[in-house]
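Below is one structure; the comments refer to it alone.
The values are calculated or read from the model by the stated rules, or taken from the named source; none is laboratory data. For clarity, every value in this text was computed on a predicted model and none was experimentally measured. Here the Cβ positions follow ideal geometry from the backbone for every residue, glycine too, while neighbour counts run over all protein chains shown. Note: accessible area is taken over every heavy atom of the protein model, side chains too, but ligands, DNA and RNA are not part of it. Shrake-Rupley method; radii C 1.70, N 1.55, O 1.52, S 1.80 Å.
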Amino acid sequence: KKPTAEVKRAGPAADLPAISEFGDEFGALVPDFVFNNLVGQDRMRYRQPSPVQAHTVPLALAGHDVLASAETGSGKTVAFL
């Protein structure tokens, strides 16, 4: 089980729901090459987002600017992509 992290959100889109998985619903929102690189068996094989990814990806996909602070290794780079 992944560790949980405290998440504080603020701003006009703070109530936008977090994502719980990198599944087909997420795949419909991003270009195919992004989805395939994230979940492909011969690629990164992501299934569940880290807390920083779960909360920032929906905001970015909705066109909002995002500022996130998290520990090294928390998944910020994938959230940025």
Inset, instruction - Would you check which residues across region 55-73 are surrounded by 12 or more Cβ atoms within 10 Å (Cβ to Cβ) and without any contact (Cβ under 8 Å) to a residue 40 or more places away in the chain and list them? - result: T56, V57, A60, L61, V66, A68
Legend entry - Enumeration of residues in region 21-65 that are touching a Leu at 6+ places or on another chain (Cβ under 6 Å) and either of a type in the set (D, E, K, R) or more than 23 Å from A5 (Cβ to Cβ) (or both): L29
Inset, instruction - Just name the residue that is nearest to the chain's Cα centre (by Cα) out of those in region 18-34 that are within 26 Å of K8 (Cα to Cα) and open to solvent by 100 Å² or more (accessible area, probe 1.4 Å). - result: E21
